[in-house]
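Here's the structure we're looking at; comments come further down.
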Amino acid sequence: MSLKVAVAAPFKHTRKESLSRAEFIFYLTIDKKWMNREQAELFIARAGSEGLLESTGGVLKPRFDLAEVAVPIGFRPGAEILRQEDPVQELITRIASAIKAPPMQVAAEMNQLIKERFDDHLFPEAAIVILAKKYDIPYTDLIPRLEKAVCGNRK
């Protein structure tokens, strides 16, 4: 949620529905001193890949209703907004939490499934979805990222 709040903050603070890339970076780096320029570029890329920010001709616009988001007074995003968690790891954590087992046990079960049932011919992204279905853990919100990981990382 803090990623969405961090994306909304420059628009809400400046009371604009769109900002130039330079204005957006200025807000993050100079105005608020939340990050340096490289981090701001990473943040824009991550927000775009998460479907929160649209870039057209150097103009950035949020891809959500700004009225839905409240930016708390004194809000400062943490370092986690720059990290994009691996969807496989995120699903391992969800499963481990639901079945009250250590994440290493879930990862081991995933690897065993890949090796024994699929003779090492299954991507971890698919194997973890099979485990999520087995334990009735919600995973559909991660499908786009899982697909991107399979298609983007294995060309």
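Brief remarks follow.
- Residues considered: Leu28, Leu53, Leu60. Of these, the only one that is in contact with an Asp or Glu (Cβ under 9 Å, 6 or more places away or on another chain) and closer than 19 Å to Phe11 by Cβ is Leu60.
- Some residue of region 63-79 being assigned to a helix (DSSP H, G or I), over 30 Å from Arg37 (Cα atoms) and of a type outside the set (Val, Ile, Thr): no
- Residues of region 80-100 that are within 21 Å of Leu52 (Cα to Cα) and part of a helix (DSSP H, G or I): Glu80, Ile81, Leu82, Pro87, Glu90.
- Some residue of region 108-115 being in contact (Cβ under 8 Å) with a residue 12 or more places away in the chain and exposed (fewer than 13 other Cβ atoms within 10 Å of the Cβ): no
- Only listed residue being surrounded by fewer than 16 Cβ atoms within 10 Å (Cβ to Cβ) and modelled with pLDDT of 95 or more, chosen from Lys33, Lys61: Lys61
- Failed item, numbered, when Phe24 is tested on (1) of a type outside the set (A, V, I, L, M); (2) modelled with pLDDT under 95; (3) over 16 Å from Gly78 (Cα atoms); (4) assigned to a helix (DSSP H, G or I): (2)
- Of the residues making up region 139-148, none is more than 28 Å from Lys4 (Cβ to Cβ), free of Cβ contacts under 8 Å to residues at least 40 places away in the same chain and outside the structural domain of Ala45 (by TED's automatic domain parsing).
- In the set (1) under 20 Å from the mean Cα position of the chain (by Cα); (2) in a helix (DSSP H, G or I); (3) surrounded by 14 or more Cβ atoms within 10 Å (Cβ to Cβ), the condition left unmet by Glu38 is number (3).
- Those residues of region 64-104 which are acidic (Asp, Glu), in contact (Cβ under 8 Å) with a residue 24 or more places away in the chain and exposed (fewer than 10 other Cβ atoms within 10 Å of the Cβ), in sequence order: none
- Search result, residues across region 39-63 that are of a type in the set (Val, Ile, Thr) and in contact (Cβ under 8 Å) with a residue 24 or more places away in the chain: Val59
- Residues located in region 11-38, provided they are among the acidic types (Asp, Glu) and in contact (Cβ under 8 Å) with a residue 40 or more places away in the chain: Glu17
- Scan of region 1-27 for residues that are within 19 Å of the chain's Cα centre (by Cα) and surrounded by 16 or more Cβ atoms within 10 Å (Cβ to Cβ), ordered by number: Leu3, Lys4, Val5, Ala6, Val7, Ala8, Ala9
The values are calculated or read from the model by the stated rules, or taken from the named source; none is laboratory data. Only a predicted model underlies this, so the values are computations on that prediction, with no experimental measurement involved. All Cβ positions, glycine included, derive from the backbone under ideal geometry; neighbour counts span all protein chains shown.
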